[in-house]
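Right, one structure below, let's go through it.
Coordinate-derived values only; no laboratory data. This one's a predicted model, so the numbers in the text were calculated from it and none came from an experiment. Counting neighbours? That spans all protein chains shown, and the Cβs are built from the backbone with ideal geometry, glycine included.
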Amino acid sequence: MIKIRRAKINDVRTIHKLLNGFADRKELLPRAISELFENLQQFHVADHGGAVVGCCSLAVQWDNLAEIKALAVADAYQGKGIGKKLLQTCLADAEALGITRIFTLTMKDGFFNKFGFKRVVKNNLPHKVWTECVRCPYFPETCVEIAMVKDFDARQKPIPAFKPGDLPKDGTVPTEPMVPKEPEADAPKTATRRRRAARP
């Protein structure tokens, strides 16, 4: 029987091996073991008879914004609903914390679509979420991850979604700049000059 529980200190090395196995296949970001120790309280694991066979974490990133990260299930246990249970547990944590917007960066948008996540324009997420990009195997050329958001509060202003025309017709993942551009430094000055010119 699979049990979803909070990760414990003795689980860290197994989590590390699991995540980096997927990182070797370029399906997840690599994780340093020190990072896992530091963020252990964010993790839930799937336990099968004392063996960790899956994991997922919820990381608070900003005001009312949290990220689903490091969702992985061992190959031999996939297709059994374990990923679903891990995700639902982390979403319940977010609701308990009063967080109403969750996002994830993934290569498997079909899975998250089933749980109400919607694809959005990645550059509209706060720049803080890009801090891990330097560890991505695709850095600095292109980003192949898909940004997806789930809002628990329908009153929130939605993040712009991808339009059907933005998606490649061959089903490939569209690439975006690895790091979004900051606003140009002279933009505010230009706006100021325009306002002054409009004065009588």
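Tabulated values for the structure
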quantity: Spacing of the two label points (7 Å from each Cα toward its C-beta) at Glu27 and Thr131, in nm; calculated: 2.8
quantity: Euclidean distance between Cα centres, the stretch 7-66 to the stretch 99-115, Å; calculated: 17
quantity: Virtual spin-label span in nm between Gln88 and Lys17, 7 Å along Cα→Cβ; calculated: 2.9
quantity: Overall Cα dimensions of the stretch 20-71 - principal axes, largest extent first, Å; calculated: 36, 27, 19
quantity: Around Ala70: net Lys/Arg minus Asp/Glu count, Cβ-Cβ under 12 Å; calculated: -2
quantity: Computed FRET value (nearest 0.05) for Lys3 with Phe111, which takes r as the C-beta separation and R₀ as 35 Å; calculated: 0.95
